[in-house]
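Starting off with a structure, shown below.
The values are calculated or read from the model by the stated rules, or taken from the named source; none is laboratory data. Here the structure is a predicted model, which is why all the values come from computation and not from measurement. Cβ placement follows ideal geometry from the backbone for every residue including glycine, while neighbour counts extend to all protein chains displayed. Ligands, DNA and RNA are stripped out before the accessible areas are found, and what is left, the full protein with its side chains, is counted by its heavy atoms. Shrake-Rupley method; radii C 1.70, N 1.55, O 1.52, S 1.80 Å.
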Number of protein chains: 2
Amino acid sequence: MRREIEDQPICVAIVEDDEAIRHSLAQILNGSPGYLCVNAFESAEDAIANLPADPPDVVLMDIGLPGMSGIEATQILHDRLPETDVVMLTVQENDDAVFNSLCAGATGYLIKSMPPAQLLQSIDEVYRGGSPMSASIARRVIRSFQSEPDIASPLTRREREILEHLCNGESYRVIAEKLFISGHTVRSHIKNIYEKLQVNSRAEAVRKAMQEKLI
Amino acid sequence: MRREIEDQPICVAIVEDDEAIRHSLAQILNGSPGYLCVNAFESAEDAIANLPADPPDVVLMDIGLPGMSGIEATQILHDRLPETDVVMLTVQENDDAVFNSLCAGATGYLIKSMPPAQLLQSIDEVYRGGSPMSASIARRVIRSFQSEPDIASPLTRREREILEHLCNGESYRVIAEKLFISGHTVRSHIKNIYEKLQVNSRAEAVRKAMQEKLI
DNA sequence: GCCTAAATACCTCAAATGGGTGATTGACTC
DNA sequence: GAGTCAATCACCCATTTGAGGTATTTAGGC
C-alpha cells in the first residue's frame, strides 16, 4: 500500500484533449475528499514528458488522443512508472480499444458518461489493487489468457503430436521410439509440419507453435 | 446465445462432495424461476463420466473435491464441452486455487457463503457471457496476461540478443554475420545460454524463452 | 467401389548442431 | 593487485537435421 496514512488523498493525473472534459474531471476530483488532481495534460506527449518528475497514484488516460494514442502512451508510462496505475477513459466500453489498453498495461477503465460517484469509486477500486471491468471485457480478458489450443490448426492430430515432441527438443529417433513408428515417418511428418507452418527449422516451428498456441 | 427462447431456464449441474451444500444449491436453483438444476454429482469423476451425455449451460464446480480436484475436472470439461461454462465454488475468494481455476478454463467463481440472490445473479452473468470476479482476482488476471518481459533473466544482454536470433531459427553463421562476430563466439554464447537455461537443444531454448518471456 | 488425406516407410547427402576443452581481452569489484 | 565475469575466438568430432526424392497402407468421404 502506497498510502499508509489513510487520509492522504489519491493523487490523480488526467490526460485528455477535450478541455471541457478535462476540467470537469479535475473539478470532480478536487471537489471530493480523498482525491486530488495533481496534473492535467492535453496530450500523451505532454504527459510522458512531465509525469515521471512527479508520479501520481493514478493516471486517467483518454483512449482517443490526437497524436500519440492513449494506448501507446499507456505502454510507455506503464514501463517507466510501474507504481502508477493507468486507467483508460472511453466513451464506449465494449471496445477493442479497451481490451488493447489492458494488454498495453492499463489497470482499468472508466466510461466517460459514468456518474461522478461511480467514477470516483472505480478510481478508488483501482487504487486499492482492483481492476473493475464490465462483464464482457472480463470475459475477453479471461479468454485471452486461457491458452486455448487453436482449433483451426492446419495440422493433423498426428502432426500436432509430433510437434509437441519437437517442442520438447526430442530427436527424431527418440520421437520415433516414443510413438512406435520409424524415424523416417517422423521425418515425413516434420516435413509436412514445416510446410504447413511455413517454416524451415525446428526453432521456428517451436516458436510458431508457442505463439499460435498450436499445442 | 444458446437460449433463444427467453423463458427457457438456465440448466445447471452441480459438482460438490458435501451433501448438505449440494442439496442446498439444488434447492436454491430449482426454487428460482429461470434456473434448473439438471444434475448433481459428488465427484469430479462422476461428472466427467456423465455430463457429456447431457451438457448443461453452466457447471458449478467445487474446487476442493476429494479424488480428482475441481481444477483438473474443469480443464477436462472445458476441453470436452466448450459450450458449457464452468463456475467454481470456493469458500475463500482470494485464493491461488481460484486463479488457477480460471487458467484451467473456468469462467467465473462463486463464494459459497454468497446470499442466494447474488449467487443466482452471478450464474446469470456467466450465462450471459460475463465473468464476474472480485477486484483482486481481476487484477491478477490482468497482470498475468500483460506480458512483462522477465527482468530477472539470468542471461546477459549479449546472450539475450543471441537467444532472440536463435528463436528466429537463424543458423550460427547467419547470427555471426549479423552481429559481426565469429561463428565460434556465437557457439560459445549459445553453450552458455543452454547451460543457464538448463536445456541442451535449440528447440528447448526457444520454448523456454517463449514461456518465460525472456525475449 | 473410388478417391483423397493421413500415416507409414525408405534412400542419399550436405549442412548444421551440440559436447568437450581452452585462451585472450577488458571491465568491474574487493 | 587478485579475482571474477562478459565477450570474444579457436579446434576436434560425432550426431542430428533439413532438403531432395519415392512409395505403401489405412481410413473416411462420396
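Measuring with a 1.4 Å probe in the full set of protein chains, what accessible area per residue, in whole Å², belongs to the protein assembly as shown?
Accessible area per residue, the protein assembly as shown: 49 Å².
Please report, in whole Å³, the volume per residue of the convex hull around the C-alpha atoms of the protein assembly as shown.
Spread over its residues, the Cα hull of the protein assembly as shown gives 195 Å³ apiece.
How big is chain A by the Kirkwood estimate over distinct Cα pairs, in Å?
Answer for chain A: a Kirkwood hydrodynamic radius of 20.2 Å.
Using a simple charge model, +1 on the beta-carbon of Lys and Arg, -1 on the beta-carbon of Asp and Glu, nothing else, what dipole does chain A show about its Cα centre, in debye to the nearest 20?
Here chain A has a charge dipole of around 1680 debye.
What's the whole-number percent of alpha carbon pairs in region B:1-97 lying beyond 19 angstrom?
Here the tail beyond 19 Å accounts for 38 percent of pairs.
While we're here: Explain nothing, just the number: dipole magnitude of the protein assembly as shown about its Cα centre with +1 on each Lys and Arg Cβ and -1 on each Asp and Glu Cβ, in debye rounded to the nearest 20.
That gives the protein assembly as shown a dipole magnitude of about 2220 debye.
What does the copy distance list look like for A:Q118, label position 7 Å along Cα→Cβ, in nm and ordered from shortest?
Spelled out, the distances from A:Q118's label point are 1.9 nm.
Using only Cα atoms and rounding to the nearest 10 degrees, what angle (0 to 90) does helix B:116-127 make with the longest principal axis of chain B?
Value to nearest ten degrees: 50.
In addition: Counting only protein heavy atoms and rolling a 1.4 Å probe, how much accessible area do A and B lose on contact, total for both sides, in Å² to 100?
Interface between A and B: roughly 2800 Å².
Residue by residue through A:77-85, how many Cβ atoms from other chains fall within 10 Å of the Cβ on average?
Averaged over the peptide's residues, the number is 1.
7 Å from Cα along Cα→Cβ at both B:H184 and B:S144: what's the point-to-point distance in nm?
Roughly 4.8 nm, to one decimal.
Solvent-accessible area of B:V141, probe 1.4 Å, all protein chains present, reported in Å² to the nearest ten, please.
Accessible area, nearest 10 Å²: 0 Å².
Here is a further query. I need the inter-copy label distances for B:G31: point set 7 Å along Cα to C-beta, values in nm with one decimal, smallest first.
So the label point of B:G31 gives 4.6 nm to the other copies.
Could you size up the charge dipole of region A:45-97 around its Cα centre, putting +1 on the beta carbon of Lys and Arg and -1 on that of Asp and Glu, and report it in debye to the nearest 20?
100 debye
Right, another one. Pulled fully out, how much extra length does the chain show between B:D79 and B:D96, if you take 0.36 nm times their separation in residues and subtract their Cα-Cα distance?
Stretched fully, the B:D79-B:D96 segment lengthens by 4.0 nm.
Add -39500 (n - 2.57) for each DSSP H run of 4 or more in chain B, then divide by its residues: what number comes out at 222 nm, to the nearest 500 deg cm²/dmol?
About -15000 deg cm²/dmol.
Residues with beta-carbon under 12 Å from that of B:N192, excluding B:N192: net charge, scoring Lys, Arg +1 and Asp, Glu -1?
Local charge sum for B:N192: +3.
Give me the percent of the accessible area of the protein assembly as shown that comes from carbon and sulfur atoms, probe 1.4 Å, all protein chains in place.
49 percent
Still on this structure, I have one more. Out of residues 5 or more away from A:G108 or on other chains, whose amide H comes under 5 Å of its own, with H placed 1.01 Å from N in the peptide plane?
For A:G108, the qualifying residues are A:M88.
Now for a separate question. Can you tell me the FRET efficiency between A:D54 and B:S136 if r is taken as the Cβ-Cβ distance and R0 is 35 Å, rounded to the nearest 0.05?
0.80
Turning to a different aspect of this structure: Just the accessible area for B:L77, please: 1.4 Å probe, Å², rounded to the nearest 10?
B:L77 exposes around 10 Å² with every protein chain in place.
Enumerate lysine pairs in chain A that are 8 or more residues apart or on different chains, then count those whose Cα atoms are under 25 Å apart.
The result is 8.
Let me ask another. For B:R157, go 7 angstrom from Cα along the Cα-to-Cβ vector, then report the distances to that same point in the other copies in nm, smallest first.
Output for B:R157: 5.1 nm, nearest copy listed first.
Looking at B:V141, B:L120, B:H184, which one has the Cα that reaches farthest to the positive end of the dipole of chain B (charges on Cβ: Lys, Arg +1; Asp, Glu -1)?
About the Cα centre, the residue reaching furthest to the positive side is B:H184.
Starting from the 7 Å offset along Cα-to-Cβ, what nm value, one decimal, do you get for the label separation of B:A20 and A:Q8?
Placing both labels 7 Å beyond Cα along the Cβ direction yields 4.6 nm.
Taking each residue in A:192-201, count the Cβ atoms of any other chain within 10 Å of its Cβ, then average. What number comes out?
1
Quick one: what are the phi-derived ³J(HN,Hα) couplings along region B:52-58, Karplus 6.51/-1.76/1.60 with θ = phi - 60°, whole Hz, x for glycine and proline?
x, 5, 8, x, x, 6, 9
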